[in-house]
1. Among 249, 385, 276, determine the one that fluctuates most according to a GNM of the chain built with springs between C-alpha atoms less than 10 Å apart.
2. So, in nm, how far is label residue 445 from label residue 405 when the simple model puts each one 7 Å beyond its Cα toward the Cβ?
3. Hey, fewest Cβ within 10 Å first, where do 321, 330, 205 land in order?
4. I'd like the distance between the alpha-carbon centres of region 25-47 and region 98-114, rounded to an integer number of Å.
5. Could you state, as a whole-number percent, how many of the C-alpha pairs of region 1-128 are farther apart than 23 Å?
6. Can you tell me which of 410, 124, 160 moves the most in a GNM of the chain? Springs connect C-alpha atoms under 10 Å apart.
7. Considering only the chain, what is the antiparallel percent among its DSSP beta bridges, to the nearest 5?
8. Could you line up 201, 83, 4 from fewest to most neighbouring Cβ atoms inside 10 Å?
């Protein structure tokens, strides 16, 4: 097992990684950028390195220097920041540090949505009709639209997190969507290329957790995650297993995920994402996230595994065997964010009250506490409320009580919105799709 670990992240995911590392007897090193000095992950690590500022979480040299200075043996990137950075993976290799993630070559291929789409399609994984080559301007996009037809989903070719995504139903909308995707892709990822794919209304967003093992095999966990509750193409509520997936479809999704991961020699934890048409059972490849997902706890609860422990053991080159697991009931995750619950705008501030729910089937992965401060420098995610139970009905009941009991004062908070989702008949019935939040917001208007 790894003896010392630098956690190259902050907040709740840093605490999550530190918790498993501590249970395994691994010494941990945390980072903080000044504004994070009072956060719980800083107090819980065995050693702390101060960074020169918030931007340093994205600085490969700063992260590697912190690992060298503290004698860390390995680096866990969490999610966001440098978690999908081939540059950091390579820098760790040069310094003799273990990288807790896939190899940089796999990361580079899968980070490019066009290249990844073409690669898996050539191996029989279904993809949506779209552009085989990246689009670099409006003229090229309009020419592609003549072939593909409207409506179209426009995506930045690089990166993830829904950045730059938009739907176009005609030429004018396409021009605006391409300009937005190119601008945001250039700003966030240094890449202005754009991918066009056929837009599917009424679809669901489902994903399969995979783990590439040192022996070259890939395990696909049996409880797919449904991430269809999204606002601005960013996930808000996730559940497993999906109410829209039956056993035969689940088997096909897992097989496609394994094919996609094995085709690049994937190692460590990753997630293969698909778009699902519930009425037909057809699904289409979207992308591979080459890191631990925000929503990984619901897989842990439903499958009885510790994905961070498995990540560390794979990175250490252990002879890891994942025995076939059965799904243990149902689980949901609610992302608690420092956001206005009506307009979804960030609302940072000092946390004056923080009271987490507890009880059977309740897990809270949090990055803040009373007395800490939510700053405007980072993503507004504060905590993840994870609820599990014997079946979906029990989870819904427990979630209602838990969301009512969760108390946060100081920053703006989206807890009222999460309660609104939970009370929505479309969500409680399990028949929702990726348009649920837009419909929910529209129903508020007089």
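Read-outs: derived from the displayed coordinates by stated rules, not from any lab. Keep in mind the model is a prediction, meaning the values are calculated, not measured. So basically every Cβ, Gly included, is an ideal-geometry build from the backbone, and we count neighbours across all protein chains shown.
1. Taking springs between Cα atoms under 10 Å, the residue moving most is 249.
2. Modelled inter-label distance: 3.9 nm.
3. So the ranking, lowest neighbour count to highest, is 321, 205, 330.
4. Region 25-47 and region 98-114 have Cα centres spaced 27 Å from each other.
5. 34
6. 124
7. Antiparallel bridges: around 85 percent, rounded to the nearest 5.
8. 201, 4, 83
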